[in-house]
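Below: the structure, in C-alpha cells.
The values are calculated or read from the model by the stated rules, or taken from the named source; none is laboratory data. As the structure is a prediction and not an experimental result, all values here were calculated from the model. All Cβ positions, glycine included, derive from the backbone under ideal geometry; neighbour counts span all protein chains shown.
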Ligand SMILES: [Cu+2]
C-alpha cells in the first residue's frame, strides 16, 4: 500500500495533536481533580425543606464526627443558599449540592468545581481552595429569566483563622 510522504507527515502531526490533548485531560484529571462527578444519589427535590440533610438549619458548613468538612448547598431560582459561607483554605471540602426547582449548574472559577445540579439528585464534589479570598459561585446552566443574576459567594480564610472561629462558635449545628 502506498502512502504519500506528505500524507504520512500530516498523519503523524494529527496523532501528536491528539496525544497532546489527551495528555492535558489526563493531567487535569490526575493532578487537579478535574473530572466528571460520578456520585449517583437521589433525593426528593420537592421535600428538601423537610429532609433531614437539607433542612434550612443544616445548610452551610458542617463538620462530621470524623472531622471531615461537608458543605451543603441548595440551588434555586435565582441563588445558591446559603448566600455566603466561610470555609478554610488548603483543606479538603466535600460539597453536596441539590436543586429545589429546575436544572442548575455550579461553577467556581479557579477550582475544579463545575457540576450540574439536577433536580432529584445530589451532586457531590470534593474540592479545596488554594488561597484565601472571595470566590464567586456562578450558575452555568440556563435556568430562567434571572439566570444571569444567579450567583453567591464563598469566603475562604486561612485554615488557622477558620479553626479558631469554628471552635469558638461550636455548639450550633451550623458553623458558617
Ligand atoms: Cu441558573
Review point. Just one of 2, 49 is farther than 20 Å from residue 139 by Cα and surrounded by fewer than 10 Cβ atoms within 10 Å (Cβ to Cβ); which is it?
Key: 2
Point to revise | Residue ID - surrounded by the most Cβ atoms within 10 Å (Cβ to Cβ), chosen from residues in region 144-176 that are in a helix (DSSP H, G or I) and at pLDDT below 90 | key: 166
Check your understanding: Any idea how many residues of region 86-126 are over 11 Å from residue 137 (Cα atoms), more than 10 Å from the ligand (Cβ to nearest atom) and not in a loop (DSSP other than H, G, I, E, B)?
Key -> 16
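Among 59, 48, which is the only one that is under 22 Å from residue 153 (Cβ atoms), in contact (Cβ under 8 Å) with a residue 60 or more places away in the chain and over 14 Å from the mean Cα position of the chain (by Cα)?
Numbers: 48 fails: in contact (Cβ under 8 Å) with a residue 60 or more places away in the chain.
Only one candidate passes the filter, namely 59.
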Check your understanding: Does residue 136 satisfy being outside any loop (DSSP other than H, G, I, E, B) and either at positive phi or in the same structural domain as residue 150 (by TED's automatic domain parsing) (or both)?
Key -> yes
Study note, to complete from the structure: Here the residues within region 127-143 that are more than 10 Å from the ligand (Cβ to nearest atom) and surrounded by 14 or more Cβ atoms within 10 Å (Cβ to Cβ) are 127, 128, 129, 132, 135, 137
Exercise for review: For region 55-62, indicate whether the set of residues that are in the same structural domain as residue 97 (by TED's automatic domain parsing), more than 16 Å from the ligand (Cβ to nearest atom) and either at pLDDT below 85 or closer than 11 Å to residue 99 by Cα (or both) is non-empty.
Suggested key: no
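Here is a check on your reading of the model: is residue 34 under 19 Å from the mean Cα position of the chain (by Cα), modelled with pLDDT under 85 and closer than 18 Å to residue 105 by Cα?
On the way: under 19 Å from the mean Cα position of the chain (by Cα): yes; modelled with pLDDT under 85: yes; closer than 18 Å to residue 105 by Cα: yes.
Considered against the rule, which asks whether it is under 19 Å from the mean Cα position of the chain (by Cα), modelled with pLDDT under 85 and closer than 18 Å to residue 105 by Cα, residue 34 comes out as yes.
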Study note, to complete from the structure: Only unsatisfied item for residue 95, checking (1) in contact with a helix residue (DSSP H, G or I) (Cβ under 6 Å, 6 or more places away or on another chain); (2) buried (at least 19 other Cβ atoms within 10 Å of the Cβ), is (1)
